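Heads up, the thing below is written out as structure tokens.
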Amino acid sequence: NNLDTLYRQVIMDHYKNPRNNGEFDGDDSVTVNMNNPTCGDRIQLQLKIEDGKVAEAKFSGEGCSISLASASMMTQAVKGLTTEEAVAMSGIFSDMMLGKDYDEDRFDLGDIEALQGVTKFPARIKCATLAWKAMEKGIEDNNQ
Ligand code: FES
Ligand code: FES
């Protein structure tokens with residue numbers, strides 16, 4: 001249907017024109033490398049955390065369109081959130097991926113909702129959640 005077509009276009013746009021793709025110079029960021037165990041693809045995520053907020057986020061690596069589009073959307077969405085909010089958003093995304101009712105109102109989910117259709121392809125859910133798990137790990141590492 002039309003919504004599926006729109007969502008597919010949003011995903012392809014993030015895949016082809018990824019937001020926040022690349023690496024930071026310098027060492028004021030936390031770096032996480034994470035594999036998707038089901039396919040071996042990996043991404044690197046870097047976060048700059050300042051005053052308890054995600055000030056900047058960048059990613060690089062290899063993966064399928066779903067994983068890279070999700071990374072692009074995630075980096076865009078978490079910028080400016082507190083680390084607690086970013087983790088909470090990851091929980092909402094995880095609910096979405098599990099096909100549960102998810103909290104649509106707490107945050108502006110923007111393009112992220114285009115990934116809803118992934119729930120119909122259980123094998124791809126790990127692709128979609130890879131960057132989010134990396135983000136949670138980065139925040140955890142930063143807190144230590
Ligand atoms: Fe990578 Fe379909 S998204 S094979
Ligand atoms: Fe490897 Fe999706 S197939 S991340």
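Kindly indicate whether residue 129 is more than 16 Å from residue 20 (Cβ to Cβ), within 16 Å of ligand 1 (Cβ to nearest atom), hydroxyl-bearing (Ser, Thr, Tyr) and crowded, with 17+ Cβ neighbours inside 10 Å. In short, yes. In region 39-58, the qualifying residues are those that are within 16 Å of the chain's Cα centre (by Cα) and within 16 Å of ligand 1 (Cβ to nearest atom), and the one that is farthest from residue 139 (Cα to Cα) is 41. With respect to (1) in contact with a helix residue (DSSP H, G or I) (Cβ under 9 Å, 6 or more places away or on another chain); (2) under 21 Å from residue 140 (Cβ atoms); (3) free of Cβ contacts under 8 Å to residues at least 24 places away in the same chain; (4) among the small types (Gly, Ala, Ser), the lone exception for residue 88 is condition (1). Scanning region 42-68 for residues that are within 10 Å of ligand 2 (Cβ to nearest atom) and surrounded by 23 or more Cβ atoms within 10 Å (Cβ to Cβ) gives 67, 68. Screening residue 109 with (1) over 17 Å from residue 22 (Cβ atoms); (2) in contact with a strand residue (DSSP E or B) (Cβ under 7 Å, 6 or more places away or on another chain); (3) crowded, with 17+ Cβ neighbours inside 10 Å gives one miss only, at (2).
Cβ-Cβ contacts under 6 Å between residues 6 or more apart (or on different chains), taken from a first residue in region 48-60 that is under 15 Å from residue 84 (Cα atoms) to a second residue that is assigned to a strand (DSSP E or B) and hydrophobic (A, V, I, L, M, F, W, C), are listed as 48/55; 54/47. Might you let me know whether region 25-41 holds any residue that is in contact (Cβ under 8 Å) with a residue 12 or more places away in the chain, among the hydrophobic types (A, V, I, L, M, F, W, C), out of contact with any Ser or Thr (no Cβ under 6 Å at 6 or more places or on another chain) and within 12 Å of ligand 2 (Cβ to nearest atom)? Yes.
From the list 57, 86, pick out the single residue that is out of contact with any Asp or Glu (no Cβ under 9 Å at 6 or more places or on another chain) and either within 23 Å of residue 17 (Cβ to Cβ) or modelled with pLDDT of 95 or more (or both).
On the way: 86 fails: out of contact with any Asp or Glu (no Cβ under 9 Å at 6 or more places or on another chain).
None of the other options fit; the residue is 57.
The values are calculated or read from the model by the stated rules, or taken from the named source; none is laboratory data. What you are looking at is a predicted structure, and each value in this text was computed from that prediction instead of being measured. Note that we place each Cβ from the backbone using ideal geometry, even for glycine, and neighbour counts take in every protein chain shown.
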